[in-house]
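Only the coordinates and a few stated rules stand behind these numbers; no lab work does. All values reported here derive from a predicted model rather than from experimental measurement. Neighbour counts are summed over all protein chains in view; Cβ atoms, including those assigned to glycine, are modelled from backbone coordinates with ideal geometry.
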């Protein structure tokens, strides 16, 4: 190693990186990670929660077939909705001249002491409704997938702004030393009706690169370029990294380029993750009862159930923001074939995660969110009334499920009209939801800002109110 260090001291930084074993790999990892460990900052007020697990169901789950029971649809099945309500908000361009109401083919029952209506498609979630805050009056602005997903993550429908996880990492710092503060897990497989998931959804936007999310892949290597070549010891790696950091610090003094400081932190994080990631992904310490709770799919990397189990393990290791993406909820056509499949993939694991966190004492300071970028219409997709009906995008009102972190449990909040076309009581906008989540983490959403291009930006833009009625 002394010979290597002497050689590196005699050459420039670019040559050093070329000669370093895995140097280009670490550069690629730097682009992937973008996370710097920073000490927790002082919150604006006493927090009720420490972390967030966001179970994002990409495509727009049909609230009418899952949570928002509308018995009047049975009587008016096939009638044009706009004979009964005044058109409000944007419609997509996919409908026919007539928008016939479609009754859900799934039966609903009331569950728990709170009396939540839940569809037969979610038998497991129906068992824990008294632990959930069911918000039926969420609204958003965009009516198409990409801008709506961007809006739900970043508070704006155009690309280029930080996601919530990046804002929380920036505002609160890290709670752990060996893992990124913002981790993303994406379900793999042929889910059908899939919308593309762009990595900018978990990007840092205009915040420094260290705050962007880190996607963990399924399989034996959750993070690329992390493993060292065979025969290289951890001592050798530490010495080599010290030399690289020395060169980077010299360049930082010379150029004052902030990206170099971020790169130094990335190298250090990569070094620590060499031990933390294998431990995280090794499920051999999980008892059989875990797989009975989450389902057998939890043994298979890349499945939604596996990712839910990983979310619990990440929460135990104090990762601040954990985002799961599960696609396939875009049911314009043949909803009765596709929706039950998505529910079977997610119902048991989502329920297991909330129950598991609760029994471990983690739910009280963890906010779990379930939902998509918008909901679905009460009327048919194509102006017809087929047996295998579909529903179009709907932004005016839809359902979000929140559990833990000081949100009221067993609460049914907000009301929609008889056709689930618009909210008639206690509307909750996306910015309201963001403001409320941040409030529970000790952040005043109006005070957490970042100066960029001549003005101060925030996650909630110039909007948002804390929903105190849904907080305990």
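Rounded to a whole number of µm²/s, how large is the Stokes-Einstein D of the stretch 319-456 at 25 °C and 0.890 mPa s, given Rh as the Kirkwood radius over C-alpha pairs?
Taking Rh from Cα pairs, D becomes 139 µm²/s.
Kindly put 188, 400, 341 in sequence by how many other C-beta atoms sit within 10 Å of each C-beta, fewest to most.
Exposure proxy ranking, most exposed first: 341, 188, 400.
Checking the a/c ratio against 1.5 first, then a/b against b/c, what shape does the Cα gyration tensor give for the stretch 108-218?
prolate
Ratio of the stretch 402-441's C-alpha Rg to 2.2 N^0.38 Å, to two decimals?
1.33
Would you calculate the convex hull of the Cα atoms in the stretch 298-370 and tell me its volume per residue in Å³?
95 Å³
Sort 250-260, 404-414 by packing, meaning the average of other beta carbons within 10 Å per residue, with the highest value first.
By packing density, highest mean first, the sequence is 404-414, 250-260.
Could you please rank 107, 169, placing first whichever residue has the fewest other Cβ atoms within 10 Å of its Cβ?
Placing the least packed residue first, the sequence is 107, 169.
In which sequence would 373, 415, 86 go, from the one with the fewest C-beta neighbours within 10 Å to the one with the most?
Ranking 373, 415, 86 by Cβ neighbours within 10 Å, fewest first, gives 86, 415, 373.
Volume per residue, Å³, of the convex hull around the alpha-carbon atoms of the stretch 165-224?
Enclosed volume per residue, from the Cα hull, is 103 Å³.
Whole angstrom only: what separates the Cα centroid of the stretch 154-220 from the Cα centroid of the stretch 354-393?
21 Å
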